[in-house]
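Participant: Input: one structure, supplied below.
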Amino acid sequence: IRHLLSAGDLSLEDATLVLDTADEMARLTEGRAVKKLPTLRGRTVVNLFFEDSTRTRTSFELAAKRLSADVVNFSAKGSSLSKGESLKDTALTLEAMGADGVVVRHSASGAPYRLATSGWINACVVNAGDGTHEHPTQALLDAFTMRRHLGELAGKQIVIVGDVLHSRVARSNVLLLATLGAKVTLVAPPTLLPNGVEHWPCETSLHLDDALGGADAVMMLRVQSERMNDAFFPSAREYSRRYGLDSRRQALMPPGALVLHPGPMNRGMEITAEVADSARSVIVEQVTNGVYVRMAVLYLMLAGTTGATNEEAA
Ligand code: CP
């Protein structure tokens with residue numbers, strides 16, 4: 001894998017390799033039996049975050065460190081990005097510092113693609129979330145989590161609920177789950193479904209109760225209030241009533257069906273605290289698994305590159 005920009009770029013073989021490698025990373029490091037693997041010693045991973053993040057930035061940092069890479073964190077706040085430095089000049093700076101991998105989050109859809117294809121840098125680029133477009137490592141960690149509980153995902157019924165319009169998580173999940181052979185149903189109010197969704201490899205429904213009975217997993221999406229200026233949004237109370245996952249609705253799910261959420265959650269809006277903290281919820285486990293999946297992605301992208309520490313180069 002040279003760059004990871006879209007979940008749709010992954011073939012079934014690629015996706016399976018990432019998930020199997022993540023299994024191996026978990027086996028080696030779960031419970032911290034082995035604290036660090038030496039596989040990326042001498043490589044430099046730069047976390048370039050133009051948008052806020054808790055889970056993704058932290059887990060990429062932990063993943064890189066557990067593979068013994070050097071890690072540099074750039075966020076818009078506290079760097080020259082906040083002074084308006086361009087993506088190009090930032091990229092040239094990272095190149096001059098010898099970055100081997102750049103993990104980028106940006107509010108503009110397509111920014112990681114621009115970075116990967118511009119010729120400004122030689123580093124491998126990982127999309128850590130670009131605008132409303134894609135978040136491929138989130139989809140990989142979601143698939144990894146579901147696979148651990150449900151087995152192979154081919155033929156499984158996955159229901160994704162809520163603010164699909166603004167969700168890079170939903171788009172990446174639909175693409176990856178289709179590749180893995182799962183059946184996806186998107187459930188949302190009509191105003192929160194994107195144009196062209198009829199061409200996505202999934203079903204759509206407006207009625208959550210009807211979709212829950214056959215679900216193997218239900219993934220709730222965050223209502224992205226900060227991006228809501230371009231869409232009609234009912235009141236929070238009305239949204240929760242029609243599209244929120246509460247205990248009554250959870251009881252409609254088959255026994256053993258999972259509840260997922262990529263975080264951050266609006267507790268009381270798209271999911272009640274009772275459901276988020278229930279035995280069926282794997283939301284905290286998703287965060288743990290994010291480290292294994294990002295270790296796998298960084299390993300598969302960077303282990304074959306020629307990064308060299310000063311020590312090794314000397
Ligand atoms: N799921 C996710 O991308 O969370 P963060 O915004 O905290 O990284």
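Participant: Counting DSSP beta bridges in the chain, what percent are antiparallel, to the nearest 5?
Facilitator: On the way: 1 of 36 bridges.
Roughly 5 percent of the DSSP beta bridges within the chain come out antiparallel.
Participant: Give the residue from HIS106, LEU5, SER75 lying farthest towards the positive end of the charge dipole for the chain; charges sit on Cβ (+1 for Lys and Arg, -1 for Asp and Glu) and the dipole is referred to the Cα centre.
Facilitator: Working it through, the farthest residue towards the positive pole turns out to be SER75.
Participant: Please list 3J(HN,Hα) in residue order for segment 39-49, calculated via the Karplus relation 6.51 cos²θ - 1.76 cosθ + 1.60 where θ = phi - 60°; whole Hz, with x for glycine and proline.
Facilitator: Calculated HN-Hα couplings, in order: 5, 10, 4, x, 9, 10, 10, 10, 8, 10, 10 Hz.
Participant: To continue, here is another question. Would you order ASP142, ASP9, ASP100, ASP277 from fewest to most other beta-carbon atoms within 10 Å of each residue's own beta-carbon?
Facilitator: ASP277, ASP9, ASP100, ASP142
Participant: Another one. Under the classification rounded if a/c is under 1.5, otherwise prolate if a/b is larger than b/c and oblate if not, where does segment 37-86 fall, given a ≥ b ≥ c as square roots of the Cα gyration tensor eigenvalues?
Facilitator: On the way: a/c = 4.24, a/b = 1.93, b/c = 2.20.
Since a/c reaches 1.5 but b/c is at least a/b, the shape of segment 37-86 is classed as oblate.
Participant: For a quick check of your reading of the filter: which chymotrypsin sites (Phe, Trp or Tyr not before Pro) in segment 206-249 sit in a DSSP loop and have no more than 14 other Cβ atoms within 10 Å?
Facilitator: Details: sites: PHE232, TYR239, TYR243; in loops: PHE232.
Passing both the DSSP loop test and the Cβ count: PHE232.
Participant: Moving on. In whole Hz and in residue order, list the ³J(HN,Hα) couplings for segment 190-199 that follow from phi through the Karplus curve 6.51 cos²θ - 1.76 cosθ + 1.60, θ = phi - 60°; x for Gly and Pro.
Facilitator: x, 6, 10, 10, x, 4, x, 4, 5, 8
Participant: Next question. Please find the FRET efficiency linking GLU274 to THR16, where r is the Cβ-Cβ separation and R0 is fixed at 35 Å, and quote it to the nearest 0.05.
Facilitator: Numbers: r = 35 Å, r/R0 = 1.01.
The pair GLU274/THR16 has a calculated efficiency of 0.50.
Participant: May I ask which residue of ALA236, ILE158, GLY268 lies farthest towards the positive end of the charge dipole of segment 115-268, with charges of +1 (Lys, Arg) and -1 (Asp, Glu) on Cβ and the Cα centre as origin?
Facilitator: GLY268
Participant: Check MET219: other-chain or 5+ apart residues with amide H under 5 Å from its amide H, H built from backbone geometry?
Facilitator: For MET219, whose amide H was placed from the backbone, the distant partners under 5 Å are VAL159, ILE160, VAL161, LEU260.
Participant: Continuing with the same structure: Work out, step by step, the length gained on full extension between VAL72 and ARG227: first 0.36 nm times the residue separation, then minus their alpha carbon distance; give nm to one decimal.
Facilitator: Numbers: separation 155, 0.36 × 155 = 55.80 nm, distance 2.90 nm.
Additional length available on full extension: 52.9 nm.
Participant: Just to confirm my numbers, what's the Cα centroid distance between segment 109-162 and segment 216-257 in Å?
Facilitator: 22 Å
Participant: Amide H of SER75 versus every other amide H placed in the peptide plane: which residues, excluding those fewer than 5 positions away on the same chain, fall under 5 Å?
Facilitator: PHE49
Participant: Hey, which lysines would be in cross-link range of LYS183, C-alpha to C-alpha under 18 Å, not counting anything within fewer than 8 residues on its own chain?
Facilitator: LYS156
Participant: Per 0.36 nm of contour for each residue apart, how much would the distance between SER235 and ARG248 grow if the chain were fully extended, relative to their Cα-Cα spacing?
Facilitator: Numbers: separation 13, 0.36 × 13 = 4.68 nm, distance 2.06 nm.
Gain on extension, SER235 to ARG248, equals 2.6 nm.
Participant: Hey, another quick one. Debye sum, Cα scatterers, the chain, no solvent: what log₁₀ I/I(0) at q = 0.09, 0.13 1/Å?
Facilitator: Each listed q maps to, in turn, -0.45, -0.92.
Taken together, the values in this text are just the output of simple stated rules run on the coordinates, not laboratory data. None of these values were measured; they are calculated from a predicted model. A quick note on method: Cβ atoms are made from the backbone with ideal geometry, for glycine too, and the neighbour counts reach across all protein chains shown.
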